[in-house]
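Student: Just passing along the structure, written as structure tokens.
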């Protein structure tokens, strides 16, 4: 059975004190949740977060990871560094990394390979821009992003991969994706996996929805057959909102 997962992407938010405070608030509410709960603080707060979540069901992930082991790569963070901080999960391919830092499918394939080789679980992000959606290219874009970065992998690799569909056009643009649109794309993603590998593999992979999910729409979105949870942005920065979304995914 696929895991129900709610992951909170904190992006460039929360200092050390704020990280401790938010985690304390979350710990008071999430221990009874049936969903898997993951948070992604900034790199500088990962150790603080790992210590703070002790005794809870909350897991800590990184927002990114280098494909390199070590060397003259200023500002980068390696798999070994993450593991030494107690972190064994990372986001890769987030839309902001693609848009602002030029991360390509080829680079992401390298990062995925490195993470899996180091036994780091991957939350792999992908999704189309507004003009791609409006021009009807959204299925092609998503299929390309998945196949270019992941389809060189063997089937066993997907035991350590969570997929996160981000309709970039529905994040902070004023446009809204419906629950039916989310289901349509998630079903397409699952079929894409089934066509490449098998129906059994496709049915085993958790696919998260990452398009402006809030407590007010989470239950409707999560009720869809192929939606296994959410990758949450702004709503993950407030304990009450994040818990409301977590509670919708039991």
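The values are calculated or read from the model by the stated rules, or taken from the named source; none is laboratory data. Keep in mind it's a predicted model, so treat the numbers as computed, not measured. Positions of Cβ are generated from backbone atoms using ideal geometry, with glycine treated the same way; all protein chains shown enter the neighbour counts.
Student: Using beta carbons and a limit of 9 Å, which pairs, at least six apart or on different chains, have the first residue in the range 67-85 and farther than 24 Å from residue 48 by Cα and the second one modelled with pLDDT under 95 and not in a loop (DSSP other than H, G, I, E, B)?
Tutor: Cβ pairs passing all conditions: none.
Student: For the range 29-42: of the residues being in contact with a strand residue (DSSP E or B) (Cβ under 7 Å, 6 or more places away or on another chain) and under 18 Å from residue 228 (Cα atoms), which is modelled with the lowest pLDDT?
Tutor: Across the range 29-42, the extreme among qualifying residues is 30.
Student: From the residues in the range 91-102 that are crowded, with 19+ Cβ neighbours inside 10 Å and either farther than 22 Å from residue 209 by Cβ or touching a helix residue (DSSP H, G or I) at 6+ places or on another chain (Cβ under 6 Å) (or both), which one is modelled with the lowest pLDDT?
Tutor: Residue satisfying both the conditions and the ranking: 95.
Results for (1) crowded, with 17+ Cβ neighbours inside 10 Å; (2) touching a residue at least 40 places away in the same chain (Cβ under 8 Å); (3) out of contact with any strand residue (DSSP E or B) (no Cβ under 7 Å at 6 or more places or on another chain), shown as yes or no for each residue.
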| residue | (1), (2), (3) |
| --- | --- |
| 197 | yes, yes, yes |
| 200 | no, no, yes |
| 206 | yes, yes, no |
| 217 | yes, no, yes |
| 220 | no, yes, yes |
| 223 | no, yes, yes |
| 231 | yes, yes, no |
| 236 | yes, yes, no |
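Student: Where residues in the range 101-134 are assigned to a helix (DSSP H, G or I) and farther than 21 Å from residue 82 by Cβ, which of them is nearest to the chain's Cα centre (by Cα)?
Tutor: Initial filter on the range 101-134 (assigned to a helix (DSSP H, G or I)): 101, 105-117, 130-134.
Those left that are additionally farther than 21 Å from residue 82 by Cβ: 105-106, 130-134.
Details: 105: 16, 106: 19, 130: 20, 131: 23, 132: 21, 133: 21, 134: 24 Å.
Checked the range 101-134; the qualifying residue nearest to the chain's Cα centre (by Cα) is 105.
Student: Among the residues of the range 106-143 satisfying the criterion of being touching a strand residue (DSSP E or B) at 6+ places or on another chain (Cβ under 9 Å) and either modelled with pLDDT under 95 or surrounded by fewer than 18 Cβ atoms within 10 Å (Cβ to Cβ) (or both), which is nearest to residue 162 (Cα to Cα)? Walk me through it before giving the result.
Tutor: Residues of the range 106-143 that are touching a strand residue (DSSP E or B) at 6+ places or on another chain (Cβ under 9 Å), as a first pass: 108, 111-112, 115-116, 120-127, 141-142.
Then keep just the ones that are either modelled with pLDDT under 95 or surrounded by fewer than 18 Cβ atoms within 10 Å (Cβ to Cβ) (or both); that gives 121, 141.
On the way: 121: 8, 141: 19 Å.
Per the criteria, the residue is 121.
Student: Conditions: (1) loosely packed, with under 13 Cβ neighbours inside 10 Å; (2) over 22 Å from residue 167 (Cβ atoms). Residue 68 meets all but one. Number of the miss?
Tutor: (1)
Student: Still on this structure, I have one more. Could you count how many residues in the range 1-18 are touching a residue at least 12 places away in the same chain (Cβ under 8 Å), within 24 Å of residue 209 (Cα to Cα) and either surrounded by fewer than 22 Cβ atoms within 10 Å (Cβ to Cβ) or in contact with a helix residue (DSSP H, G or I) (Cβ under 9 Å, 6 or more places away or on another chain) (or both)?
Tutor: As a first pass, look at the range 1-18 and keep what is touching a residue at least 12 places away in the same chain (Cβ under 8 Å): 2-16.
From what's left, within 24 Å of residue 209 (Cα to Cα): 2-14.
Add one more test, that the residue is either surrounded by fewer than 22 Cβ atoms within 10 Å (Cβ to Cβ) or in contact with a helix residue (DSSP H, G or I) (Cβ under 9 Å, 6 or more places away or on another chain) (or both), and what stays is 2-4, 6-14.
Final tally of qualifying residues: 12.
Student: Right, next: Taking residue 59 as the residue in question, decide whether it is within 19 Å of the chain's Cα centre (by Cα), without any contact (Cβ under 8 Å) to a residue 60 or more places away in the chain and surrounded by fewer than 22 Cβ atoms within 10 Å (Cβ to Cβ).
Tutor: On the way: within 19 Å of the chain's Cα centre (by Cα): yes; without any contact (Cβ under 8 Å) to a residue 60 or more places away in the chain: yes; surrounded by fewer than 22 Cβ atoms within 10 Å (Cβ to Cβ): yes.
The answer is yes for residue 59.
Student: Further question: Got at least one residue in the range 43-61 being closer than 19 Å to residue 149 by Cα, modelled with pLDDT of 95 or more and outside any loop (DSSP other than H, G, I, E, B)?
Tutor: First, the residues of the range 43-61 that are closer than 19 Å to residue 149 by Cα: none.
Looking through the range 43-61, none of the residues is closer than 19 Å to residue 149 by Cα, modelled with pLDDT of 95 or more and outside any loop (DSSP other than H, G, I, E, B).
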